Amino acid sequence: MKLAKILRWQPQTQQYGYAIGALALGFFSMLVLVYGIFFATGTLVTGFDPLSTVIGLQFVPLLIAIAIIGIYGWRRTGRHRPSAVIVGLLVTLYVVAGTATQVA
């Protein structure tokens, strides 16, 4: 609650920047570290599961989109609930669409 009051008076670009940084920066930093080690040494840090490193690339743009939608909805309505519902539906759609299905 206190953070929301502080952020409300920040410029619009700064609000979006904080949200993108909070959601995507950690994941992006991890990918930079993993791929930096990979290009430097030729081996993956996650050698036991190399596919997880490739799959991880898709989450940075997804987290950026979630941050933008969340801040837009919060700025537009003044409440977090509408954007939380929209983001929840987006994540659900993304997970369901990305799930492999098998038909017998």
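The values are calculated or read from the model by the stated rules, or taken from the named source; none is laboratory data. All values derive from a computational prediction rather than experimental measurement. Virtual Cβ from ideal backbone geometry, glycine too; neighbours counted across all protein chains shown.
One table, with the values for the structure above:
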{"quantity": "The stretch 18-48, residues that are outside any helix (DSSP H, G or I) and either of a type in the set (Phe, Trp, Tyr) or touching a Cys at 6+ places or on another chain (Cβ under 9 Å) (or both)", "calculated": "Phe48"}
{"quantity": "Residues of the stretch 49-93 that turn out to be over 17 Å from Leu31 (Cβ atoms), in a helix (DSSP H, G or I) and not aliphatic (A, V, I, L, M), as a count", "calculated": "12"}
{"quantity": "Failed item, numbered, when Ala24 is tested on (1) surrounded by 15 or more Cβ atoms within 10 Å (Cβ to Cβ); (2) modelled with pLDDT under 90", "calculated": "(2)"}
{"quantity": "Residue selected from the stretch 34-63 under the condition at pLDDT below 85 and among the small types (Gly, Ala, Ser), by the criterion surrounded by the most Cβ atoms within 10 Å (Cβ to Cβ)", "calculated": "Gly56"}
{"quantity": "So Ala97, is it exposed (fewer than 10 other Cβ atoms within 10 Å of the Cβ), small (Gly, Ala, Ser) and assigned to a helix (DSSP H, G or I)", "calculated": "yes"}
{"quantity": "Residue that is modelled with the highest pLDDT, among those in the stretch 5-16 that are loosely packed, with under 11 Cβ neighbours inside 10 Å and over 20 Å from the mean Cα position of the chain (by Cα)", "calculated": "Pro11"}
{"quantity": "Cβ-Cβ under 6 Å pairs, at least 6 apart or on other chains, the stretch 26-43 side on the phi < 0 side of the Ramachandran plot, far side among the small types (Gly, Ala, Ser) and surrounded by fewer than 10 Cβ atoms within 10 Å (Cβ to Cβ)", "calculated": "none"}
